[in-house]
Amino acid sequence: MVAAQKMRRPAVVALQTLVIAACYYGAGRLGLMRRLTVEGAVFTPIWPPTGVAVAALLLIGLWAWPGIAIGALLVVLSLSSFSSLELSAAGIVAGNTVAPVCAWLLLRAVRFRTDLSRFRDGLALVFLAALGAMTISASADVGLLVGTGKLAPGDFWPVWLAWWVGDAMGVLIVTPVILMLYTVRPPISLARWKEAAVLLVAAGVMVPVATRSSISMLFLIYPLLIWAALRFELPGSLVCALFASVMATVAATQDVGPFHRLSHTEVMIKLQAFNGTMALTALLLSAVITEQRNTRRSVELACQELVEVLEHLTAGNPTPRPPPEEGGGRG
């Protein structure tokens, strides 16, 4: 029995590594479908593999890093042949592996919860994992491009900003969705299915209009986002934010709607500002609502337990009856 378990452990690790590598590669190919160019460098407004990598580390642990490295290598090989694999490509693989690991270490240090049930968890994911750790991959990758002569030194900061924001958006948008899907357990309650259907229809109509209209109407998405967070908490807000981000990215890469007739740098700034503020709103607002709901349930549970204790004490110690009054005066 022990021998079988020892043999099964390497097999499980190998299977996990292959699954993570496949998911990373698939997310990378999906992200490369929509590209923007800044100062001659191609980047993706949302880089989903970083979200996949951070989620895998949070759910599996440090042993997820080989799958991340293999997946990053496969993405690089899909863009260039093995014979042309140079120091810059190897450095990109290393940077895309080290950055998620650093994000995992930072989140582990603050005791991050994968259910995102606390406001501090949302803050940690935003500022430590997304905005903080992703500076490592952006700095390493863009620095290697400059060092190998593939990028002019004067173009470092514009490309660095685009690279950093793309990686951060992957963590802000993709990681919470994966964590949410992992924690969902059937059966799923459909108590408010009519309201959910109305919200779905409203998002399906308003989001394409807001992202493709020649008039700047992106602000119309925020009421939907707030509605989804207030009524459906984290699942609702994340799905709404993901849909809006994808639609805005498609509009930006097609040069339509509010992104029409803008320079590549202006498109990058406008798109990333929209995606960033929307992801922050969805994540932090839903985290606050979830934390308040859990606090209210804890208080209600404590009150119920207190009532049960008082009833038990009352049943065990009946209230004493008052002594009878003594008779009147002397006869």
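The values are calculated or read from the model by the stated rules, or taken from the named source; none is laboratory data. Keep in mind it's a predicted model, so treat the numbers as computed, not measured. Glycine also receives a Cβ, built like all others from the backbone with ideal geometry; neighbour counts cover every protein chain displayed. Each accessible area value is taken on the protein alone, full model and side chains, heavy atoms only, with ligands, DNA and RNA left out. Shrake-Rupley method; radii C 1.70, N 1.55, O 1.52, S 1.80 Å.
The condition of being more than 21 Å from ILE178 (Cα to Cα), among the β-branched types (Val, Ile, Thr) and open to solvent by 50 Å² or more (accessible area, probe 1.4 Å) does not hold for VAL256. Among residues belonging to segment 289-305 that are open to solvent by 50 Å² or more (accessible area, probe 1.4 Å) and either among the β-branched types (Val, Ile, Thr) or in contact with a strand residue (DSSP E or B) (Cβ under 7 Å, 6 or more places away or on another chain) (or both), point out the one that is farthest from ALA162 (Cα to Cα). It comes out as VAL299. Of ARG108, ARG118, all but one fail to be among the basic types (Lys, Arg), under 18 Å from the mean Cα position of the chain (by Cα) and modelled with pLDDT of 90 or more; the exception is ARG108.
Of everything in segment 235-259 that is β-branched (Val, Ile, Thr) and assigned to a helix (DSSP H, G or I), the residue that is farthest from THR44 (Cα to Cα) is VAL239. Give the residue that is surrounded by the fewest Cβ atoms within 10 Å (Cβ to Cβ), with candidates limited to residues of segment 144-178 that are closer than 19 Å to THR265 by Cα and among the small types (Gly, Ala, Ser). Ranking the qualifying residues of segment 144-178, first place goes to GLY154.
Taking ALA210 as the residue in question, decide whether it is surrounded by fewer than 19 Cβ atoms within 10 Å (Cβ to Cβ) and either modelled with pLDDT of 85 or more or closer than 24 Å to LEU107 by Cβ (or both).
no
Say whether the condition of being under 22 Å from MET268 (Cα atoms), crowded, with 20+ Cβ neighbours inside 10 Å, of a type in the set (Gly, Ala, Ser) and at pLDDT 90 or above is met by at least one residue in segment 50-64. Yes, segment 50-64 has at least one match.
Quick check on this structure: which one of LEU262, LEU220 is free of Cβ contacts under 8 Å to residues at least 24 places away in the same chain, aliphatic (A, V, I, L, M) and in a helix (DSSP H, G or I)?
LEU220
Taking (1) free of Cβ contacts under 8 Å to residues at least 24 places away in the same chain; (2) in contact with a strand residue (DSSP E or B) (Cβ under 6 Å, 6 or more places away or on another chain) in turn, TRP160 satisfies each apart from (2).
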